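> Next up is a structure, given as structure tokens.
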Amino acid sequence: RNMAFLLYGGLYQGCVQEFIYNNVFPTVFGTDVTPITVLEQVAVDLLGLTPFLCLPVAYLVKAGIHHEQTLQEGLEKYVSHVEQEGLLFKYWAVWLPVQTLTFSVIPHHFRIAFIAVASFFWLMILSTISATETKEESSKA
């Protein structure tokens, strides 16, 4: 599980988010820090990137590392956590204020470092959700 979080953190959060937040977002939204621009960036991130890229990738990476689970099962687990564990609501509770700060007051060159610090706490929450399900599955066996 630790390897999955390490790969996810390094590849997706490090490389992909660097590209998205520091290259794509300034091209699409411009570099002005106005309330409407910040709102647009946060909305695209939380309502678009998160449910369709960020979180599914985390579950796919974990499924790819653990050979007892297929990629299909990894995606099914993601959907289950969204529906039964309130995963997106927990994500939004943490990341709405974080991303609002990211896009409003954090300089572009510090954004990924700031997100990495916040991600440390988010991954603890995600790991707790995942570990709870693992304990429940092993107690049923």
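> When you check Q17 against the structure, is it free of Cβ contacts under 8 Å to residues at least 60 places away in the same chain and of a type in the set (S, T, N, Q), yes or no?
Against the criterion (free of Cβ contacts under 8 Å to residues at least 60 places away in the same chain and of a type in the set (S, T, N, Q)), Q17 does not qualify.
> While we're here: Let me spell it out: the conditions are (1) surrounded by fewer than 18 Cβ atoms within 10 Å (Cβ to Cβ); (2) under 16 Å from the mean Cα position of the chain (by Cα); (3) within 15 Å of I129 (Cα to Cα), and Y78 meets all of them except one. Which number is the exception?
Condition (1) is where Y78 drops out.
> To continue, here is another question. At pLDDT 95 or above, part of a helix (DSSP H, G or I) and open to solvent by 30 Å² or more (accessible area, probe 1.4 Å): does that describe E18?
no
> Please find, within segment 24-67, the residue that is surrounded by the most Cβ atoms within 10 Å (Cβ to Cβ) out of those that are of a type in the set (D, E) and at pLDDT 95 or above.
D45
> Name the pairs: first residue in segment 101-117 and surrounded by 16 or more Cβ atoms within 10 Å (Cβ to Cβ), second residue of a type in the set (G, A, S) and part of a helix (DSSP H, G or I), Cβ to Cβ under 8 Å, at least 6 apart or on different chains?
If the second residue must be of a type in the set (G, A, S) and part of a helix (DSSP H, G or I), the pairs left are I112/G14.
> Can you find a residue in segment 57-68 that is closer than 18 Å to F121 by Cβ and in contact with a helix residue (DSSP H, G or I) (Cβ under 8 Å, 6 or more places away or on another chain)?
For segment 57-68, residues closer than 18 Å to F121 by Cβ and in contact with a helix residue (DSSP H, G or I) (Cβ under 8 Å, 6 or more places away or on another chain): present.
> On the given criteria, is V94 open to solvent by less than 70 Å² (accessible area, probe 1.4 Å), closer than 26 Å to V28 by Cβ and either part of a helix (DSSP H, G or I) or at pLDDT 90 or above (or both)?
Here the answer is yes, as V94 does meet what is asked.
> What number of residues within segment 22-49 are under 21 Å from F110 (Cβ atoms) and either β-branched (V, I, T) or outside any helix (DSSP H, G or I) (or both)?
Looking only at that region, the number is 12.
The values are calculated or read from the model by the stated rules, or taken from the named source; none is laboratory data. Note that the coordinates shown come from a computational prediction; the quantities given were computed from them, not determined experimentally. Cβ coordinates were reconstructed from backbone atoms using ideal geometry, including for glycine residues, and neighbour counts include every protein chain displayed. Just so you know, the surface numbers come from the protein's heavy atoms only, side chains and all, with ligands and any DNA or RNA stripped out. Shrake-Rupley method; radii C 1.70, N 1.55, O 1.52, S 1.80 Å.
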